[in-house]
Amino acid sequence: MNVATKCSAWFLLVLGLLGAAAQGEEADAKRQSGQSGTASKQDQTKHSLRWKRTPKLTSRWVEELSLSTPLPEYPRPQMVRDDWLNLNGEWDFLGDGPMPPELPETFPEKALVPSATQAVTSCLEKEWQRGWYRKTVEIPSAWHGKKVLLHFEAVGGAATVYFNSRKLGKNTGSFNRFSFELPELEAGKANEILIHFDDTDPRIPRGKPEHVSGIWQTVWLEPVPEDSIRSFRETPDIDAGQLILEVDSTCSGDEFTLVATAHEDGKEVARVEGRSGETLLLDMQDPKLWSPEHPFLYDLTLELKRGDVVIDRIKSYFGMRKISTGEVDGVPRIFLNNEVYYQVGLLDQGTWPDSFYTQPSDKCLKWEIETAKELGFNVLRKHVKIESSRWYYWCDVLGMLVWQDLPCQMYFNERVVKTEEDKQFARDDMRAMIQQYYNHPSIISWVIFNETWGQFDPRDMTKRARKLDSSRLINATSHVWPNDHGRRRYNADYFDEHCYERHLHFYDYDVHIPATFGEFGGIGYKVEENTENHENYRGYGPHATSPEDLLSQYKKLLVQARRMRDTQHLCAIIYTELTDFYHEINGFITFDRKVVKVDPEELRKINMLFRAPTDQ
């Protein structure tokens, strides 16, 4: 057993011993099960599909995608209702086929949902950029008389949805959640869902991959009352001691009221009532604040009432947290909850060797965040990908800050964003991203562009982002190029450069705002049995020769970063990266998630060199 494997085994043992104690509270245990009794009662039998392509590596936990209902957890933990039906599992599949509105007649293959067609776990012979899915479902008789919503957490490309041959609508965008109300239903009748996906338009933002095609996150059904809550927005204000609630419902009028109740460990601590459509202010005087060190979450219940009758009820949660910038003795800094807070983070690309963009298990999401924390990191930069809601949920619960990238356009092709129509794809995705994930206290910054990938109008995009969300930091471009075009971008809240040299330095820092390295390091180290076969392995600078050498090289960078923190306004550093990524072997964890490459305690000590507070 090599040193890295020993470290991994020791680390997993420690996690197992500490896990229960760390989660402790009954409210947290209920929240972590998905906040829904229905969610935990899942069939443990397996589907009949088999992989038809051989992966170079198999991920830890990937066997859980072989369950009859893979990813059985409640998919939307910030807006929970008791009744729902998970549609993950075997679906009929046709690659290519007719274009809508013409509908296909035959489906020669079976595909696993959720899995993009690029994933081995899709159980398809090859990847398809265009095609059809079909599923026959029976609506539970207990839902009779209610509206039924069909939810898609993410479908790669443009998706056109049919129900019993009737078109419900179309969505364009590979990362945004979308829903359709089903037409009038008959109890006990088999119903046919058809989905056409088209991932051929290069203007659709995808991040690093050339394609993310087909259904790659959970599909589910949910019954809702005729009058119901559609969405809501939580904005904590720790200075005023308030939670600002904006609730969107399907109804209006004096007979409808909204009641919001906050609970701490099952005890009511705040309550407010108002008319539907009004902004509600939940009084949270002297609140417990959310931070990575103390990720306290209040439980929240929203009730829509007609007169004295509750007609819709939502279970959620919130954290009282503030992120801001300011100065200490003339030095620009980033503040968390009005205190200077230094960040040491990891670039996180959210990709697996066999399941591609789809997490193999909810356990995997939780484990990665726990592992990053145990290694001494307090922030993850989700790199040009948007995750499932479950990932952000675990960041909220476990206490991990998030820099969230907007997935980029035009990464692997030669197209350039030129026309207003081109630009609108990214604008729409940014709006959907901020609206969909606004309520997560873990997210502290929106990163609009990475380097020059599909970049356009950075100042305008920053203004648009700030109009959508004034409560978080906006990063116009992660890595500002040292030229006149780059210098025109400084309407962002902090400066961000990438430095992969062994001598850390800024290339063009000439503004009086907090400074960060959005990427640095990238020290390569290959663990033979847990690395894909490639002709060229990527790391920046000399590769490490052992786990000890990897730690030694990393420590030299952190010592430099600490010096820059104290002399050059450096506030946050993001190391490349959390896990290996295909030919990139610069992760602290292998691509298959089976080996932590270094001694966790030693890495944690090194990270505290930068995180430790000072007067500035």
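The values are calculated or read from the model by the stated rules, or taken from the named source; none is laboratory data. The structure displayed is predicted, hence computed values, not measured ones. With ideal geometry, Cβ positions are generated from the backbone for all residues, glycine too; neighbour counts draw on all protein chains shown. The area values use the complete protein model at the heavy-atom level, side chains included, leaving out ligands, DNA and RNA. Shrake-Rupley method; radii C 1.70, N 1.55, O 1.52, S 1.80 Å.
Things to note:
- Net charge contributed by nearby residues that have their C-beta within less than 10 Å of G95 (K/R +1, D/E -1): -2
- Based on C-alpha pairs under 8 angstrom that are at least 6 apart in sequence, the chain has a relative contact order of 14 percent.
- Extension gain, D286 to E420: 0.36 nm times the residue separation minus the Cα-Cα distance gives 43.5 nm.
- Cβ-defined net charge surrounding E548, 10 Å radius [Lys, Arg +1; Asp, Glu -1]: -3
- Entries in K208/K322; K110/K385; K418/K467; K373/K594; K146/K167; K385/K463 that, when Cα-Cα distance is taken, lie over 25 Å: K208/K322; K110/K385
- Virtual spin-label span in nm between K467 and T614, 7 Å along Cα→Cβ: 4.1 nm
- Correct option for percent of Cα pairs over 47 Å apart [calculated from the coordinates] among (i) 12; (ii) 23; (iii) 58: (i)
- Backbone N within region 531-556 under 14 Å of label point (7 Å from T54 Cα along the Cβ vector): 533
- Gained length - S165 relative to R230, 0.36 nm times residue gap less alpha-carbon distance: 20.8 nm
- Debye, to nearest 20: dipole size of region 177-239, +1 on Lys, Arg Cβ, -1 on Asp, Glu Cβ: 360 debye
- Backbone HN-Hα couplings from phi across region 89-102 [Karplus 6.51/-1.76/1.60, Hz, Gly and Pro as x]: x, 6, 10, 5, 9, 9, x, 6, x, x, 8, x, x, 5
- Solvent-accessible surface of the chain, averaged per residue with a 1.4 angstrom probe and all protein chains in place: 39 square angstrom.
- Were the residues from S552 through E186 laid out at 0.36 nm apart, the gain over their Cα-Cα distance would be 125.1 nm.
- The trypsin sites (Lys or Arg not before Pro) found in region 408-478 that occupy coil by DSSP, while having at most 16 further C-beta atoms within 10 Å, are R415, K418.
- Paramagnetic reach from E601 (point 7 Å along Cα→Cβ, amide N under 15 Å) across region 351-376: 374-376
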